[in-house]
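> Handing you a structure now.
The values are calculated or read from the model by the stated rules, or taken from the named source; none is laboratory data. Note that the structure is predicted; figures quoted are calculated from it, not measured. Cβ sites come from the backbone with ideal geometry, for glycine too, and all protein chains shown count toward neighbours. Side chains included, ligands, DNA and RNA excluded: accessible areas come from the protein's heavy atoms. Shrake-Rupley method; radii C 1.70, N 1.55, O 1.52, S 1.80 Å.
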2 protein chains.
Amino acid sequence: MTQKTFAFVVYPGLTLLDLAGPLQVITGHAAADPSVRVAVVGETLETTETDTPLRIAPSHTFDQVPDPSWVLVPGGGAPTLRALGDEKLIGYLRRAATTAELMTSVCTGSLLLGQAGLLEGREATTHWTFLETLRAFGATPVRQRWADTGSVITAAGVSAGIDLALHLVERMRGEDAARLVQFGIEYDPRPPLGPLDWSLAPRERMRPFVDHTVREGLAGRPELRDKLLAQR
Amino acid sequence: MTQKTFAFVVYPGLTLLDLAGPLQVITGHAAADPSVRVAVVGETLETTETDTPLRIAPSHTFDQVPDPSWVLVPGGGAPTLRALGDEKLIGYLRRAATTAELMTSVCTGSLLLGQAGLLEGREATTHWTFLETLRAFGATPVRQRWADTGSVITAAGVSAGIDLALHLVERMRGEDAARLVQFGIEYDPRPPLGPLDWSLAPRERMRPFVDHTVREGLAGRPELRDKLLAQR
């Protein structure tokens, strides 16, 4: 049997849930589908930081998984913007895209796909506070839970990665497979305050935070920083 | 300012999302509330396995966080059952409970609270496939997203930890604080196949899996194994 690899990309400071949600879903699916191999890939195998007190370590290096079939890149705050200048990370995404069936992202991970040149002329989404910055990469921002453009799928912020991953299982193996994983992670969401009421979105409160994040993360890359700030 | 610590307990083989969901929510809240300190605690600081290819490392040892105000223990499969016999882990939970305001769990993490003697006479929940096993710890199983009994709160399977954690933020700091974190993680769930349709739950398919998990995890503790098998 030919195994195909789903590679989850890690880099320092990422948002933990962007990674953990879809990784749980796809690992759960792989337990029932031996044709899928799951790898967590990073530049090295060393333990690295997340945006929580938990530190994480990949299972493989980029070099060990040169041609994954599917790729997911998580997002984050300033560290993700900093990663836009990480040539090894961006190079990995760019090379993987030449052979992968599917490149995906969660949250501001879409900016990394954009930096790798993969969003040009596509519809894409990201965390709601960063949506307009996607224009800096030639993408058309859309407010969707995920934006499926065939070979590139971008998801909205953080928790949207769970929905994205269930969509991927459904796309790969059909409804029954996706439903089995959904029961496995008991994904029957009950947000205590209900779904988000977007009329209450803290837009004004978030704007300086986004500005600060872009300025901090791209301090060393003024051209890209200004390109992003011009859009948001 | 007095800081209170929220301790997230890790042990080998846990289910990643049980931990990562609530950890993301509480860390997000702590960013806006400096009175809350978040720690990930384990027996040692060494990197350990999860039920995914991602390895994780705690930020503190049990000894370094002897008196947390809040504790969350995640669940998992056979490794969680094995952890029922981990005296250091169970001892930490038992000691923490003597001073903590609140002991919480996600998924089969409630069995660990049960083993620490914290569920006796209480309503409690866990992953739907393990619900009846809670009786072995003197608890009354309830089918709820989370069961809040005052000083002990147990959540349902895996993804329920996100809902639990938002409930905790609401309980600690009110609706506005919980809503801010919910916008932060863009928690506006859209399961591709909709909410779980429980008439389709794969009960017969899961039964041998649960049996196998209990037998594997508790191979060295036949008495406890039989007590759990008698309930499920």
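> Give A:GLY150, A:GLY117, A:GLY121, A:GLY138 a once-over and let me know the one that is modelled with pLDDT under 95 and open to solvent by 10 Å² or more (accessible area, probe 1.4 Å). Spell out the reasoning first.
Values: A:GLY117 fails: modelled with pLDDT under 95; A:GLY121 fails: modelled with pLDDT under 95; A:GLY138 fails: modelled with pLDDT under 95.
From the options A:GLY150, A:GLY117, A:GLY121, A:GLY138, the qualifying one is A:GLY150.
> Can you say whether A:ILE90 is over 30 Å from B:GLY157 (Cα atoms), of a type in the set (Val, Ile, Thr) and open to solvent by less than 10 Å² (accessible area, probe 1.4 Å), as far as the supplied structure shows?
On the way: over 30 Å from B:GLY157 (Cα atoms): yes; of a type in the set (Val, Ile, Thr): yes; open to solvent by less than 10 Å² (accessible area, probe 1.4 Å): yes.
Against the criterion (over 30 Å from B:GLY157 (Cα atoms), of a type in the set (Val, Ile, Thr) and open to solvent by less than 10 Å² (accessible area, probe 1.4 Å)), A:ILE90 qualifies.
> Here is a follow-up. Restricting to region A:147-165, count the residues that are of a type in the set (Gly, Ala, Ser) and within 7 Å of chain B (Cβ to nearest Cβ). It would help to see each step written out before you state the result.
From region A:147-165, those of a type in the set (Gly, Ala, Ser) are A:147, A:150-151, A:155-157, A:159-161, A:165; that's our starting set.
With within 7 Å of chain B (Cβ to nearest Cβ) added as a condition, the list becomes A:156-157, A:159-160.
Residues in region A:147-165 being of a type in the set (Gly, Ala, Ser) and within 7 Å of chain B (Cβ to nearest Cβ): 4 in total.
> Could I ask something else about it? Just to verify a result, which residue in region A:16-31, among those that are in contact (Cβ under 8 Å) with a residue 40 or more places away in the chain and more than 7 Å from chain B (Cβ to nearest Cβ), is surrounded by the fewest Cβ atoms within 10 Å (Cβ to Cβ)?
A:HIS29
> Exactly one condition in (1) within 14 Å of chain A (Cβ to nearest Cβ); (2) over 19 Å from B:ALA230 (Cα atoms) is false for B:LEU131; which is it?
For B:LEU131, the exception is condition (2).
> Of all residues in region B:43-87 being facing chain A (nearest Cβ under 10 Å) and not in a loop (DSSP other than H, G, I, E, B), which is nearest to B:THR154 (Cα to Cα)?
Looking at residues that are facing chain A (nearest Cβ under 10 Å) and not in a loop (DSSP other than H, G, I, E, B), I get B:THR50.
> Filtering region A:173-202 down to residues that are touching a residue at least 40 places away in the same chain (Cβ under 8 Å), aliphatic (A, V, I, L, M) and open to solvent by 20 Å² or more (accessible area, probe 1.4 Å), which residue is nearest to the other protein chains (Cβ to nearest Cβ)?
A:LEU180
> Can I ask one more? For region A:32-42, how many residues are of a type in the set (Val, Ile, Thr) and either more than 9 Å from every other protein chain (Cβ to nearest Cβ) or surrounded by fewer than 19 Cβ atoms within 10 Å (Cβ to Cβ) (or both)?
Here is the first cut: in region A:32-42, the ones of a type in the set (Val, Ile, Thr) are A:36, A:38, A:40-41.
Keeping just the survivors that are either more than 9 Å from every other protein chain (Cβ to nearest Cβ) or surrounded by fewer than 19 Cβ atoms within 10 Å (Cβ to Cβ) (or both) gives A:36, A:41.
The total comes to 2.
> Only one of (1) in contact with a helix residue (DSSP H, G or I) (Cβ under 9 Å, 6 or more places away or on another chain); (2) at pLDDT below 95 fails for A:THR99. Which number is that?
(1)
> In region B:43-74, which residues are surrounded by fewer than 19 Cβ atoms within 10 Å (Cβ to Cβ), of a type in the set (Asp, Glu) and farther than 20 Å from B:ARG95 by Cα?
B:GLU46, B:GLU49
> Could you pull out the residue among B:THR98, B:THR129 that is part of a helix (DSSP H, G or I), open to solvent by 10 Å² or more (accessible area, probe 1.4 Å), free of Cβ contacts under 8 Å to residues at least 60 places away in the same chain and polar (S, T, N, Q)? Explain how you work it out, then say what you get.
Details: B:THR129 fails: free of Cβ contacts under 8 Å to residues at least 60 places away in the same chain.
That would be B:THR98, the only listed residue that is part of a helix (DSSP H, G or I), open to solvent by 10 Å² or more (accessible area, probe 1.4 Å), free of Cβ contacts under 8 Å to residues at least 60 places away in the same chain and polar (S, T, N, Q).
> Could you tell me which of the residues B:LEU168, B:LEU118 is within 14 Å of the chain's Cα centre (by Cα), under 22 Å from B:LEU14 (Cβ atoms) and more than 14 Å from every other protein chain (Cβ to nearest Cβ)? Quick ask: steps written out before the conclusion?
Numbers: B:LEU168 fails: more than 14 Å from every other protein chain (Cβ to nearest Cβ).
Testing whether each residue is within 14 Å of the chain's Cα centre (by Cα), under 22 Å from B:LEU14 (Cβ atoms) and more than 14 Å from every other protein chain (Cβ to nearest Cβ) leaves just B:LEU118.
> Here is a follow-up. For B:GLN144, which of the numbered conditions (1) facing another protein chain (nearest Cβ under 7 Å); (2) part of a loop (DSSP other than H, G, I, E, B) fails to hold?
All conditions pass for B:GLN144, except number (1).
> Next question, about the same structure. Quick one: A:ARG205 ticks every box in (1) within 9 Å of chain B (Cβ to nearest Cβ); (2) open to solvent by less than 20 Å² (accessible area, probe 1.4 Å) bar one, so which box is it?
(2)
> Here's a check for you: in region B:3-44, which residue that is of a type in the set (S, T, N, Q) and farther than 14 Å from B:THR104 by Cα is modelled with the lowest pLDDT? Step through it out loud before you land on a result.
Going residue by residue through region B:3-44, those that are of a type in the set (S, T, N, Q) are B:3, B:5, B:15, B:24, B:27, B:35, B:44.
Going one step further and asking which of them are farther than 14 Å from B:THR104 by Cα, we end up with B:3, B:15, B:24, B:27, B:35, B:44.
Numbers: B:GLN3: 92, B:THR15: 98, B:GLN24: 98, B:THR27: 98, B:SER35: 95, B:THR44: 97.
Ranking the candidates gives B:GLN3 first.
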